[in-house]
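The values are calculated or read from the model by the stated rules, or taken from the named source; none is laboratory data. If you're wondering where the values come from, they're calculated on a predicted model, not measured in any experiment. Here Cβ is always computed from backbone atoms with ideal geometry, including for glycine, and neighbour counts include all displayed protein chains. Heavy atoms of the whole protein, side chains included, go into the accessibility calculation; ligands, DNA and RNA do not. Shrake-Rupley method; radii C 1.70, N 1.55, O 1.52, S 1.80 Å.
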Amino acid sequence: MTDTSNATVYDQGIYYNATNDSLSIREWQNGANSDIRLETGASGVNVMIMKASGNVGIGTTAPSTLLHLSSTGNTFGTFNSAAGSQSGLVLADGGTNKWQVIKNTDNAFVLYDYVANRNVIRSASNGDLTLMQTTGNVGIGTTAPTFSLDVAGNIRVRDQNSIQFGTADIGIASNASGDMLLETGNSTRLTILT
């Protein structure tokens with residue numbers, strides 16, 4: 001079909017006008033290249049475009065990547081799986097899977113490393129966050145950690161919680177008065193008053 005109602009020619013597509021309240025799927029002639037556009041609304045608002053380069057744009061007529069989403073407000077993509085199923089995004093290199101971001105079957109968030117064949121980060125639906133490194137160090141505020149956990153900055157333990165060492169329930173804690181407690185076997189052995 002061809003629409004000659006204005007200076008622009010649309011070829012090899014479907015163009016329904018009905019007094020400018022139409023849905024169009026059409027090939028848009030753009031010099032030597034042709035784009036396929038899905039438009040809707042009275043003014044022909046571009047909903048999706050497939051460029052001759054292979055890039056697909058949603059909300060933009062100039063996609064700069066294979067899939068380019070754009071909006072004047074918040075922009076989200078949704079991967080919706082059946083209840084109890086996984087959904088995710090795989091990042092590959094040269095056809096080889098490298099990383100996967102997953103919503104697991106138990107609704108946990110998981111960052112999976114295909115090369116090492118293991119989860120790296122797991123955030124469970126109960127709020128637990130686990131770094132599942134079998135080797136290597138974790139750095140907070142540093143890019144060169146030299147210990148299992150290397151923090152460049154202050155550490156705070158709030159609300160009368162404790163820091164535990166080993167498997168013998170040895171720890172440092174605080175009480176409601178702000179006193180420091182040294183504990184072994186889940187019993188306070190020394191109290192340092194504030």
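Quick look at the values:
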item: Residue in segment 85-103 that is farthest from Thr135 (Cα to Cα), counting only those that are modelled with pLDDT of 90 or more and either assigned to a loop (DSSP other than H, G, I, E, B) or touching a Cys at 6+ places or on another chain (Cβ under 7 Å) (or both); result: Ser85
item: Number of the exception - Gln160 against (1) touching a strand residue (DSSP E or B) at 6+ places or on another chain (Cβ under 6 Å); (2) without any contact (Cβ under 8 Å) to a residue 12 or more places away in the chain; (3) part of a loop (DSSP other than H, G, I, E, B); (4) more than 29 Å from Asp93 (Cβ to Cβ); result: (2)
item: Count of segment 114-150 residues which are assigned to a loop (DSSP other than H, G, I, E, B) and either more than 18 Å from the chain's Cα centre (by Cα) or surrounded by fewer than 13 Cβ atoms within 10 Å (Cβ to Cβ) (or both); result: 21
item: Tabulated pairs, segment 145-156, first more than 19 Å from Gln133 (Cβ to Cβ), second assigned to a loop (DSSP other than H, G, I, E, B) and open to solvent by 60 Å² or more (accessible area, probe 1.4 Å), C-beta under 8 angstrom, 6+ apart or interchain; result: Gly153/Gly141
item: Hits in segment 163-194 (condition: exposed (fewer than 13 other Cβ atoms within 10 Å of the Cβ), of a type in the set (A, V, I, L, M, F, W, C) and either touching a Leu at 6+ places or on another chain (Cβ under 9 Å) or not in a strand (DSSP E or B) (or both)); result: Ala168, Ala176, Leu190, Ile192, Leu193
